[in-house]
Amino acid sequence: MCLAEDILLLIAVAEDEDREKRRRRNVWVHEINATREDDGEFYFLVPELLKYDKQFYVYFRKSVHCFGGILNMIRHDISKKAKNFRGPIPSEEQLAIALRQ
């Protein structure tokens, strides 16, 4: 092989690697999070906790009334617009995540 062929081969390999990297990065939502709205903690657990004030308080360290008050104060600041390709995380879920951290 001559030097020109070696260079062309290296360029072809580099282009294949770049293509493969671009292909892998094109995932908007990881498969773990794809079923979040069906199986996620917020969508599964929080509606159940709302039925039991004491358990809600133990979980969030806030009463249902206090959680709602905080949410009303900050909803406008943390809410985002829906996009064509995916919806934003709801304000209620954002607050729940922040309180649990």
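Every number in this text was worked out from the coordinates using simple rules, so none of it is lab data. A quick note: this is a predicted structure, and the numbers were derived from the prediction, not measured. A quick note on method: Cβ atoms are made from the backbone with ideal geometry, for glycine too, and the neighbour counts reach across all protein chains shown.
Just grab the label-to-label distance for HIS30 and ASP53, each label 7 Å out from Cα along the Cβ direction, in nm (one decimal). Placing both labels 7 Å beyond Cα along the Cβ direction yields 3.9 nm.
Charging the Cβ of each Asp and Glu at -1 and of each Lys and Arg at +1, and nothing else, the dipole of the chain about its Cα centre rounds to 720 debye. Mark the label point 7 Å from the Cα of LEU45 along Cα→Cβ and return the residues of segment 60-88 whose backbone N is within less than 14 Å of it. Label zone hits: 60-62.
Please list 13-19, 63-69 highest first by mean number of surrounding beta-carbon atoms within 10 Å per residue.
Values: 13-19: 10.0, 63-69: 13.7.
Answer by packing, highest mean first, reads 63-69, 13-19.
Note on LYS80: aspartates and glutamates with a C-alpha under 18 Å away, same-chain residues under 8 apart excluded, are GLU37, GLU92, GLU93. Packing-based ranking of 44-57, 77-90 yields 44-57, 77-90, ordered from highest to lowest mean Cβ neighbour count within 10 Å.
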